[in-house]
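Taking it in order: structure first as structure tokens, then the write-up.
The values are calculated or read from the model by the stated rules, or taken from the named source; none is laboratory data. This structure is a prediction, so every number in the text was calculated from the model and none was measured. All Cβ positions, even for glycine, are placed from backbone atoms using ideal geometry, and neighbour counts span all protein chains on display. Side chains included, ligands, DNA and RNA excluded: accessible areas come from the protein's heavy atoms. Shrake-Rupley method; radii C 1.70, N 1.55, O 1.52, S 1.80 Å.
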Amino acid sequence: MASLGIDVLFKGTNFMRLLQGLWVSIEISLISVAISILLGLVVGVLMTVNNKILKAVLKLYLETVRIMPQMVLLFIVYFGTTRVFGWDLSAEASAIFVFTFWGTAEMGDLVRGSIKSIPRIQFESAYALGMDKLQTYLYIILPQTIRRLIPLSINLITRMIKTTSLVMMIGIVEVLKVGQQIIEANRNTSPNAAFGVFGVVMLMYFLVCWPISRLSIYLEKRWA
């Protein structure tokens, strides 16, 4: 056990610190996902609106998110806005803003795809029953869209949980940062600590993301 460097986790409160760091990652991701889902529904519906200017703006937003690495966005928001605009954003608030910015674009594109996959006859039948466009979306289209989105949005949650490992770069003490601190503090007494600590961190991510991933697979099969 000692040769793997796992013994350092049982010194003092090291393991408890890892769990606290894991909760920081989960908390940031869950808050970001919750906001992203709500905003993504709105953005996704707007992506289907037949307006060239609106489509161009939203497409630019989506492509920016796809091309720009999340780490660069974190640096721009946390370090850039502080210097340029004088905003006093905390690292946690910056991380939530960036992941929400990213997640909203991803969710919006999923919503757009889900709406486009609904047969056109669903719209025409609603209009034939006397519903206007708002009623059609509220009572016919969005319920079907949300049902199709649940498995996809669950996948987004796992991606966001894993990507929160980047927030250590702006000083947030999450699970990866805590692991790094434990390794540094025990470098002399446990030279193999990196293998054991990061192995446990990997296992923690797996234990959090695997049930969510299985839920997504179950829902896809149930609602196929």
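Side notes on the structure shown:
- Protein accessible area in segment 147-224, 1.4 Å probe - carbon and sulfur %: 62 percent
- For segment 34-86, the share of accessible area belonging to carbon and sulfur comes to 74 percent (1.4 Å probe, ligands and nucleic acids excluded).
- Förster radius 30 Å - calculated FRET efficiency between ILE212 and ALA93 (Cβ-Cβ, nearest 0.05): 0.75
- Surface accessible to a 1.4 Å probe, per residue, for the residues of segment 133-211, Å²: 52 Å²
- Farthest toward positive dipole pole in segment 137-194 [+1 Lys/Arg, -1 Asp/Glu at C-beta], among SER153, ILE183, MET168: SER153
- Rounded accessible area per residue of segment 13-66, 1.4 Å, Å²: 58 Å²
- Heavy atoms of ARG159: accessible area, 1.4 Å probe, square angstrom to 10: 100 Å²
- Computed from label points 7 Å out along Cα-Cβ, the spacing between LEU60 and ALA34 is 3.3 nm.
- Accessible area (Å², 1.4 Å probe, nearest 10) - ILE76: 90 Å²
- Greater than 29 Å apart at Cα, pairs in LYS59/LYS133; LYS59/LYS177; LYS162/LYS221; LYS55/LYS221: LYS59/LYS177; LYS55/LYS221
- Model label points for LYS116 and MET71, set 7 angstrom from Cα along the Cα-to-Cβ axis, are 3.2 nm apart.
- Length gained on full extension, LEU129 to MET16, computed as 0.36 nm times the residue gap minus the Cα-Cα distance: 34.7 nm.
- On the beta carbon distance between THR81 and LYS221, with R0 = 45 Å, the FRET formula returns roughly 0.55.
- Ellipticity at 222 nm from helices only: DSSP H runs of n ≥ 4 in the chain, each -39500 (n - 2.57), divided by the residue count, give -24000 deg cm²/dmol.
- Relative to the longest principal axis of the Cα atoms of the chain, the long axis of helix 91-117 lies at roughly 40 degrees.
- Dipole of the chain, positive direction: furthest Cα of THR104, ALA128, VAL42, with charges on the beta-carbon: ALA128
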